[in-house]
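The values are calculated or read from the model by the stated rules, or taken from the named source; none is laboratory data. These figures come from a predicted structure and were not determined experimentally. Here the Cβ is made from the backbone with ideal geometry for all residues, glycine too, and neighbour counts use every protein chain on show.
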Amino acid sequence: MKGVRRPALFFAVLSALYWSGIGGFLAIVYPLAGKDVAPFWMVSLVNFVPAAIYGVAALFFCHWLARRVARQVQSKASD
């Protein structure tokens, strides 16, 4: 299971750093835009696009990790 723990831990740390960066970016952008300056579509885009990219990355990572776990279980069972 060592081969699975490291990628999972790495992904968790990068995930936390990514969302901290997004939170910091939004904390800078929102006050600069003012209440009525930023159009709704722009605010929606800034909120949706990073979440969509993260969702796709998480989907591919979890799929890869599940395949790796399945391969390790199969190799242990055949030994």
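Listed here are the residues, each with its yes/no results for (1) loosely packed, with under 10 Cβ neighbours inside 10 Å; (2) among the charged types (D, E, K, R); (3) modelled with pLDDT of 80 or more; (4) more than 14 Å from the chain's Cα centre (by Cα).
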residue	(1), (2), (3), (4)
K2	yes, yes, no, yes
V29	no, no, no, yes
L45	no, no, no, yes
A51	no, no, no, no
S75	yes, no, yes, yes
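Could you please let me know if A57 is exposed (fewer than 12 other Cβ atoms within 10 Å of the Cβ), out of contact with any strand residue (DSSP E or B) (no Cβ under 7 Å at 6 or more places or on another chain) and modelled with pLDDT of 75 or more? Judged against the criteria, A57 is not a match.
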